[in-house]
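Asker: Below you'll find the structure I mean.
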Amino acid sequence: MATFAAAMNATIHTPRLFLLGLLIASLSPFAFAQYPGWQQEVEYTMDITVDAPTHRYSGVMDVTYVNNSPDALERIPFHLFFNAFQPGSMMDVRSRNIADPDRRVGDRILGLPEDEQGWVTIGSARIGKTEVVFEANGTIGWLTLPKALAPGKKTKIHLEWDAQVPRQVRRSGWMNAQGVEFSMTQWYPKICEYDHHGWHTNPYIGREFHGVWGDFDVTIHMDAAYMIGGTGTLENPEECGHGYSDGPAPTEGMIDWHFVAEDVHDFAWAADPDFVHDVLEMEDGPTLHFIYQADTAYGAWKELPAITERAVRYYSEHVGAYPWPQYTVIEGGDGGMEYPMCTLVRGNRNLRSLVGVTAHELAHAWFQGMLATNESLHEWMDEGFTSWIESEFLAEEFNESVDAPHYWAYGGYLNLVRDGGEEPLSTHADHYVTNRAYGTGAYSKGEVLLNQLAAVIGADARNAGIKRYFDEWSFSHPGPMDFKRVMERESGLELDTYFQYMLNTTHHVDVAISSVRISADSTVIELERIGKLPLPVDLRITTADGQVMDHHIPQVVTQGHRPLAEGETLLAPWPWTHPTYTVALPASLPGCTIEIDPAGWTADADRKNNKVSFDSGVIQEWRAGANPAP
Ligand SMILES: [Zn+2]
């Protein structure tokens, strides 16, 4: 498709919208008062009729789209995700050509017979009574407006479509590996997001999503044999039964399932005849639903509600309050995938695994559901931050790795560094050369980035900064520099260099103790920065009689330093231009032990050169490599 050229009209910000924005900002938890001061809005009303035996459904949708941007819009693009599940699609070809294919996909799309492929066909597109052009090309379709949608104006689009649900390959589809019949995610024509960077029309390759905030009113007509769970609250529980109300579910004909969700950027659901339903009403919190196949494994699902409640409380306390009325954990899809107010997870797992995946997907409610960065562009802000808080919660919940909850993230990231397979985190999620570089980058390095930030600004400022980030940016699609600025304001430090290196380069941390000279009246330690990424250095010297002396060496580029711990000595800052740094202590310290980063905050690629111990009573000179370590 040709690139959309918006008629630029950058100066218009109507006073009415501006005032409305201020009013919303002051009253609503869904405020967006931050730069650029506007975002698009959408309101979907959908009527869906499912023909379960053929795995097809028809949809009718009235969608109101509000153009809060300063640009006149001539066309509006939609995602048509199901079209990815056809032989020869971009997703298919990509899956067969990447060096390390996702085994869930591989060449499965190529082998789908016609009745197992996915498609969405727009039958009618209208604005008012006027039929308009809707041109689909793979997983993106463009609707041409009869006249340009001016800044501040809204339009109501009527779409009718037919769709075939693909056999479950990746995330959505019918009949997943555990027999869940319908995993309905990325399933309807969804308007692409438009922001101050323009349209975000990523063809669907397989990962990471982005959408417009809005309200969904979705009615699904489905055979009474099925039970449905999904995004939003069910408006007619009495008619549906199945644990949504005490009444029995109808056993014949069709049930109309009416769901409503406000201030979300997507809508997902799943249906199966064998679903059972547990409900936990949180005090001062959302209602939690657990929907899974009756024969699903090991009883783990019975223990899940209480732990999920603790996770909701943990994330609410450490990030920010959960704002929606419900959250639903649904068995479906493959692995786990987050959606607003719900998740689909593979169900037959032991308790530790089920809790792990649920804790991860639930944490996405904050980072993907409420903060909702463009995760195609900034996957680390979504997957990395989600993984970080998940690790913190699981360490507490299972009382395991409490000293090093991020051990696996550091290990995975550093293995990739050592293998030379790393790609910069600024890479678009779909465009990494390998799946491993994406996965390890987005999840592990993203988790490291947030954890290691404590080495620069201190853990207290980092933790307070996470809450401040949520307060200032939830429901606003923040980007990397927005996050950086929050952390700068919270710490009072300059963080350009940290983020620049961590996001746009593959440089890593490796600081070494290169020489030590212990003489009769002094101890001189030379440090060397082997890895290019410059971080502050914590240097611990433990004397022969066990006295601990901690030193902090900030980087010049932060223009300051983190708060010092009690008894910690501040040394002169280390300029990144200088490969070495000398610490000269006016005391002879024979028998001391010297260690860099004893707390393990930094992802130092070679810890073997971080520590040296000297024999008691010996005054000596030692140089790394020149003579054997003592
Ligand atoms: Zn995730």
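The values are calculated or read from the model by the stated rules, or taken from the named source; none is laboratory data. This structure is a prediction, so every number in the text was calculated from the model and none was measured. For neighbour counting, all protein chains shown are included, and Cβ atoms are generated from backbone atoms with ideal geometry for every residue, glycine included. Ligands, DNA and RNA are excluded from the accessible area calculation, which covers all protein heavy atoms including side chains. Shrake-Rupley method; radii C 1.70, N 1.55, O 1.52, S 1.80 Å.
Asker: Please work out if E375 is within 11 Å of the ligand (Cβ to nearest atom) and at pLDDT below 95.
Answerer: Values: within 11 Å of the ligand (Cβ to nearest atom): yes; at pLDDT below 95: yes.
Yes, satisfied.
Asker: State the number of residues belonging to segment 518-541 that are modelled with pLDDT under 95 and either in contact with an Asp or Glu (Cβ under 6 Å, 6 or more places away or on another chain) or not hydroxyl-bearing (S, T, Y) (or both).
Answerer: Count: 3.
Asker: Restricting to segment 378-417, give me the number of residues that are outside any helix (DSSP H, G or I), more than 15 Å from the ligand (Cβ to nearest atom) and either under 18 Å from A321 (Cβ atoms) or under 18 Å from the mean Cα position of the chain (by Cα) (or both).
Answerer: 1
Asker: Let me ask you something else. Which of the following residues is touching a Gly at 6+ places or on another chain (Cβ under 9 Å), β-branched (V, I, T) and closer than 13 Å to I457 by Cα: V486, V509?
Answerer: After applying the criteria, what remains is V486.
Asker: Sticking with this one: If I ask for residues that are of a type in the set (K, R) and assigned to a strand (DSSP E or B), which ones from segment 133-153 would you list?
Answerer: Within segment 133-153, K147 is the sole residue that qualifies.
Asker: Sticking with this one: Would you say I109 is among the β-branched types (V, I, T) and buried (at least 20 other Cβ atoms within 10 Å of the Cβ)?
Answerer: Values: among the β-branched types (V, I, T): yes; buried (at least 20 other Cβ atoms within 10 Å of the Cβ): yes.
Judged against the criteria, I109 is a match.
Residues are listed down the side, and each one gets a yes or a no for (1) more than 14 Å from the chain's Cα centre (by Cα); (2) in contact (Cβ under 8 Å) with a residue 40 or more places away in the chain; (3) within 16 Å of the ligand (Cβ to nearest atom); (4) within 21 Å of Y410 (Cβ to Cβ):
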position	(1), (2), (3), (4)
H431	yes, no, no, no
E447	no, yes, yes, yes
Q452	yes, yes, no, yes
A455	yes, yes, no, yes
R485	yes, no, no, no
D496	yes, yes, no, no
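Asker: Look through segment 523-536, keep the residues that are in contact with a helix residue (DSSP H, G or I) (Cβ under 9 Å, 6 or more places away or on another chain) and among the aliphatic types (A, V, I, L, M), and return whichever of them is farthest from A603 (Cα to Cα).
Answerer: Checking each candidate, the answer is I530.
Asker: Enumerate the pairs (first residue in segment 237-253 and part of a loop (DSSP other than H, G, I, E, B); second residue anywhere and open to solvent by less than 40 Å² (accessible area, probe 1.4 Å) and at pLDDT below 90) with beta-carbon separation below 7 Å, excluding pairs fewer than 6 apart on the same chain, so at least 6 apart or on different chains.
Answerer: G241/G247; G241/A249; H242/A249
Asker: Would you check which residues across segment 513-540 are part of a strand (DSSP E or B), among the β-branched types (V, I, T) and surrounded by fewer than 21 Cβ atoms within 10 Å (Cβ to Cβ) and list them?
Answerer: V524
Asker: Keeping to segment 173-205, report how many residues are among the hydroxyl-bearing types (S, T, Y), within 20 Å of G118 (Cα to Cα) and either at pLDDT below 95 or outside any loop (DSSP other than H, G, I, E, B) (or both).
Answerer: 1
Asker: Residues of segment 309-340 being more than 21 Å from A177 (Cα to Cα) and within 16 Å of the ligand (Cβ to nearest atom), which ones?
Answerer: A311, Y315, V319, Y327, P340
Asker: Could you please find all residues in segment 294-316 being open to solvent by less than 10 Å² (accessible area, probe 1.4 Å) and at pLDDT 95 or above?
Answerer: Once the filter is applied, which keeps residues that are open to solvent by less than 10 Å² (accessible area, probe 1.4 Å) and at pLDDT 95 or above, segment 294-316 yields W301, L304, T308, A311, V312, Y315.
Asker: Counting just the residues of segment 418-442 that are closer than 16 Å to F499 by Cα and not acidic (D, E), which one comes out most open to solvent (accessible area, probe 1.4 Å)?
Answerer: So, considering only residues that are closer than 16 Å to F499 by Cα and not acidic (D, E), the one most open to solvent (accessible area, probe 1.4 Å) is S426.
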